[in-house]
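We did not get these values from a lab; they are worked out from the coordinates using the rules stated. No experiment lies behind these values; they were computed from the predicted model shown. Note that we place each Cβ from the backbone using ideal geometry, even for glycine, and neighbour counts take in every protein chain shown.
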Amino acid sequence: MQKKVFKPEKLIKNMGRTIGIVSLKGGVGKTSTTVALGAAMSEFNKNVLLVDADFSSPNLGFHLNIINPEKTLHEVLKNLVNIKDAIYQVGKLHVLPSSLFNRGNIINPFRLKDKLRLVKDNYDYIIIDSPPAVDDNALATMLACDEVLFVLTPDYTSLGTTLKSIQIAKQRGVPISGLILNRVYDKNFELPIEEIEKISGVPVMAVIPHDVNILKAQAEFVPSTIYKPNSGGSLEFKKLAATLMGERFKPFNFFSLFGSPVPKRQEVNRQIYYTRVFK
């Protein structure tokens, strides 16, 4: 079912922050991370826009039941459509999808930053789902962002492509907020957080456990943080969202009744980020 077009001019004006969700390797859960993080932010009553900048194989819309939309980011970048007319509302989220079938001429991805500037003040946060490739599309996504988060799985293949992403971001002066470890089984064959941080030089900000409910949520076209709001992954996304926004989120912890547990590495990193950015 086609979603209705959302009119951003109805929002109170804010100065939005643009966050890129980046991975040069497909299959690590980059798009599901984009949706989950955006939904978590919206639960803090923030106005959030999700943008699908994967111009060759977009699937952000599929996660939210936006199937083959008539007006997309492709038409916006070709100057055929006003960006406000290509934004759709799904629950609390607002979505700017790309076209699965690139109609017409080749797009210029470097127009993305200027186009988003037209609506940036209408949102608290704009989260961009980047393409999994080393090309102008990925570079244009990074340049459109105020900061980036890299998504990877705890293995050498994923880490290797992440190192390339980090190198590109540093060369272009794009601020790096941290890493999101996704689909973690917590097994001894996986790379430990300490080794990933040592090799990459970037802190791990969230560890998302492997959870079949994330796939179930996709099948229901619902963000995983809403489908299973109290799962380990959902709570981790909410903690990350709170940190990025300068908010406090402390879910009930049964073990805290018996004393404070030793904080995990990502919890320490989030506290460092919060103190550095908001204090």
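Between LEU118 and ASP135, with labels modelled 7 Å along Cα→Cβ, what's the label distance in nm to one decimal, could you check?
So the two model labels end up 2.4 nm from each other.
Measure off 7 Å from each Cα along the Cα-to-Cβ vector at LYS216 and THR275, then give the distance between these two points in nanometres to one decimal.
Calculated label separation equals 3.9 nm.
Please list, ordered by chain and number, the residues whose modelled amide H lies under 5 Å from the amide H of LYS71; skip anything fewer than 5 residues away on the same chain.
Amide H to amide H, under 5 Å and 5 or more residues apart or across chains, LYS71 pairs with nothing.
Rounding to the nearest 20 debye, state how big the charge dipole of the stretch 131-279 is about its Cα centre with +1 on each Lys and Arg Cβ and -1 on each Asp and Glu Cβ.
On the way: 17 positive and 15 negative charges, 93 e Å.
With only Lys, Arg, Asp and Glu charged at Cβ, the dipole is about 440 debye.
Taking the Cα centre as origin and putting +1 on Lys and Arg beta-carbons and -1 on Asp and Glu beta-carbons, what dipole magnitude results for the chain, to the nearest 20 debye? Intermediate values should be presented prior to the final figure.
Details: 36 positive and 26 negative charges, 134 e Å.
In debye, rounded to 20, the chain gives about 640.
Add -39500 (n - 2.57) for each DSSP H run of 4 or more in the chain, then divide by its residues: what number comes out at 222 nm, to the nearest 500 deg cm²/dmol? Intermediate results must be reported in sequence, preceding the final value.
Details: 11 runs with 100 residues, N = 279.
It lands at -10000 deg cm²/dmol.
Have a look at the DSSP beta bridges in the stretch 147-242 and tell me what percent are antiparallel, nearest 5.
On the way: 0 of 9 bridges.
The antiparallel fraction comes to roughly 0 percent.
In debye to the nearest 20, how big a dipole does the stretch 22-132 give about its Cα centre with +1 on each Lys and Arg Cβ and -1 on each Asp and Glu Cβ?
Numbers: 13 positive and 10 negative charges, 44 e Å.
Dipole magnitude for the stretch 22-132 comes out near 220 debye.
Return the percentage of antiparallel bridges among DSSP beta bridges fully within the stretch 68-190, rounded to the nearest 5 %.
Working: 3 of 8 bridges.
Counting DSSP beta bridges with both partners in the stretch 68-190, the antiparallel share is about 40 percent.
Any of LYS250/LYS279; LYS71/LYS92; LYS92/LYS279 with alpha carbons more than 23 Å apart? Name them for me. Spell out each step's value before the answer.
On the way: LYS250/LYS279 18 Å; LYS71/LYS92 20 Å; LYS92/LYS279 29 Å.
Over 23 Å apart, Cα to Cα: LYS92/LYS279.
Counting other Cβ atoms within 10 Å, keep those with at most 14, restrict to DSSP loop, and tell me which chymotrypsin sites (Phe, Trp or Tyr not before Pro) in the stretch 71-148 are left. Don't skip to the end; give the middle numbers.
Values: sites: TYR88, PHE101, PHE110, TYR123, TYR125; in loops: PHE101, TYR123.
Those satisfying the criteria are PHE101.
Looking only at the chain, where both bridge partners belong to it, what percent of the DSSP beta bridges are antiparallel (to the nearest 5)? Mind dumping the intermediate values first?
Details: 4 of 30 bridges.
Around 15 percent of the beta bridges assigned by DSSP in the chain are antiparallel ones.
In terms of Cα to Cα distance under 15 Å, which aspartates and glutamates are near enough to LYS239, apart from those fewer than 8 places away along the same chain?
Cα-Cα hits under 15 Å: GLU43, GLU247, GLU267.
Say R0 is 30 Å: what FRET efficiency, to the nearest 0.05, do ASP85 and PHE44 get from their beta-carbon distance? Please list the in-between numbers first.
Working: r = 28 Å, r/R0 = 0.92.
For ASP85 and PHE44, the calculated efficiency is 0.60.
Averaging the inverse of every distinct alpha carbon separation and then flipping it gives the Kirkwood radius. What is it for the stretch 174-279, in angstrom units?
15.1
Apply the Debye scattering formula to the chain, with a single equal point scatterer on each alpha-carbon and no solvent, then give log10 I(q)/I(0) at q = 0.12, 0.14 Å⁻¹.
Here log10 of I(q) over I(0) equals -0.70, -0.97.
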